[in-house]
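Asker: The structure that follows is given in the form of structure tokens.
Each reported figure results from applying straightforward, stated rules to the coordinates on display, with no laboratory input. No experiment lies behind these values; they were computed from the predicted model shown. Backbone-built Cβ (ideal geometry, glycine too); neighbour counts: all protein chains shown.
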Amino acid sequence: MKIELKTRVYKLTRNKRPLSFIIPSRNTRKQPLLWFDEEKGYNRELRYASNQRSCFVDEQDGNAIVKPIIFEDGMLTVPKNNPALQMFLHYHPLNGKKFEEVVVEQDAAKEVDKISSEIDAMVAVKDMSIEQMETIARVLFRNDISKMTTAELKRDMLVFAKNNPTAFLDAINDPEVKLASTIQLFFDKKLLAFRNKKKDIHFNLKGNKKRLTAVPFGEDPIEYLVRWFKTDDGVEVLEFLEGQL
């Protein structure tokens, strides 16, 4: 492998940042450091030695000086004049599991995508009518929004859109969101009510307290009702409840 001469930065995965973290630098029975070379057809033993040009034991001489590899505060910087260590880290079995290279270009691109999504989501909120906001808010917040002022609703929607841009953009483009919002409104207006720890859904009308349906174990009640109201029986009930609104 030919290493491009440049300084590289590595970090521990899962955002771990201990004061110090040492990865094995030589092959042992407890921690094998082997890399399968497809061209040669066998596993090659890895070892980092500061006085050797290669990270492969079969390319090193007998005077190898083995040094520990220490991540400090979760980070490790390897200068361009140490290609042997960069090569060793590339082939190391823990690469991608315990540590990874920080690719500045990729990280920057991800950050741009994230910021763009935030902007798109917040612009979408600003372009919405109050009615559209209420429709989305009932689904996203799952509570009675009738007591919220217009300013509070806009604020909460903007905050949600900024913190969860992908979920917000998916919601406003989901054709089932309007139905889910209507179902939440049935509960807000007390036309429907939960019973038996949300296992059963009942009518909550003046002359009708009968059970409408049971929620299957492990199912989200609103998501289940979205599907149920699309059935033949559900369509009739949906039209009836919408009439009650």
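Asker: Once the Cα atoms of the range 8-102 are picked out, what are the Rg and Dmax in Å?
Answerer: In Å, with Rg to one decimal and Dmax whole: 13.2, 40.
Asker: Among the helices of the chain (complete DSSP H runs), which have Cα atoms covering no less than 27 Å along the helix axis and a Kyte-Doolittle mean of at least 0.0? Intermediate values should be presented prior to the final figure.
Answerer: Values: long enough: 104-126 (33 Å, -0.13).
Span-like helices, by this rule, are absent here.
Asker: To continue, here is another question. Tell me, in nm to one decimal, what length is gained between residue 200 and residue 141 on full extension, where the rule is 0.36 nm per residue of separation less the Cα-Cα distance?
Answerer: Numbers: separation 59, 0.36 × 59 = 21.24 nm, distance 2.13 nm.
The residue 200-residue 141 span can extend by a further 19.1 nm.
Asker: Given 147/198; 16/67; 114/154; 11/126, which pairs have Cα atoms separated by over 30 Å?
Answerer: Numbers: 147/198 23 Å; 16/67 23 Å; 114/154 21 Å; 11/126 39 Å.
Violating the 30 Å Cα-Cα cut-off are 11/126.
Asker: Short version: what are the Cα gyration tensor semi-axes of the range 113-244, square root of 5 times each eigenvalue, largest first, in whole Å? Before the final figure, lay out the partial values.
Answerer: On the way: eigenvalues 179, 49, 33 Å².
Result for the range 113-244: semi-axes of 30, 16, 13 Å.
Asker: Report, as a whole number in µm² per second, the diffusion coefficient that Stokes-Einstein gives for the range 56-169 at 37 °C and 0.692 mPa s using the Kirkwood radius over alpha carbon pairs.
Answerer: Working: Rh = 18.8 Å.
Roughly 175 µm²/s, to the nearest whole number.
Asker: In Å, the Kirkwood hydrodynamic radius of the chain over pairs of distinct alpha carbons? Could the numbers behind the result be given before it?
Answerer: Numbers: mean 1/r = 0.0426 Å⁻¹.
Computed over Cα pairs of the chain, the Kirkwood hydrodynamic radius comes out at 23.5 Å.
Asker: Nearest 20 debye, what's the magnitude of the dipole of the chain about its Cα centre given +1 on Lys and Arg Cβ and -1 on Asp and Glu Cβ? Mind showing how you got there, number by number?
Answerer: Values: 40 positive and 37 negative charges, 246 e Å.
The dipole of the chain has a size of about 1180 debye.
Asker: Can I get the semi-axes of the range 1-64's equivalent ellipsoid? Compute them from the C-alpha gyration tensor as square roots of 5 times the eigenvalues, in angstrom, largest first. Don't skip to the end; give the middle numbers.
Answerer: Details: eigenvalues 111, 52, 41 Å².
In descending order, the three semi-axes are 24, 16, 14 Å.
Asker: Please give the FRET efficiency for residue 120 paired with residue 151, using the beta carbon to beta carbon distance and R0 = 22 Å, rounded to the nearest 0.05. Numbers along the way, then the final one.
Answerer: Details: r = 23 Å, r/R0 = 1.03.
Here the calculated transfer efficiency is 0.45.
Asker: Between beta-carbons, use under 15 Å as the cut-off and find the net charge around residue 16, counting Lys and Arg +1, Asp and Glu -1. Working shown, then result.
Answerer: Numbers: positive: 11, 14, 17, 97, 98; negative: 72, 73, 100.
Computed value for this residue: +2.
Asker: Mind jotting down the distance between the C-alpha centroids of the range 183-245 and the range 46-60, whole Å?
Answerer: Measuring centre to centre over Cα atoms gives 69 Å.
Asker: In the range 198-238, which GluC sites (Glu not before Pro) fall in coil by DSSP and have 15 or fewer other Cβ atoms within 10 Å? List each step's numbers first, then the result.
Answerer: Details: sites: 219, 223, 236; in loops: 219.
Passing sites in the range 198-238 are 219.
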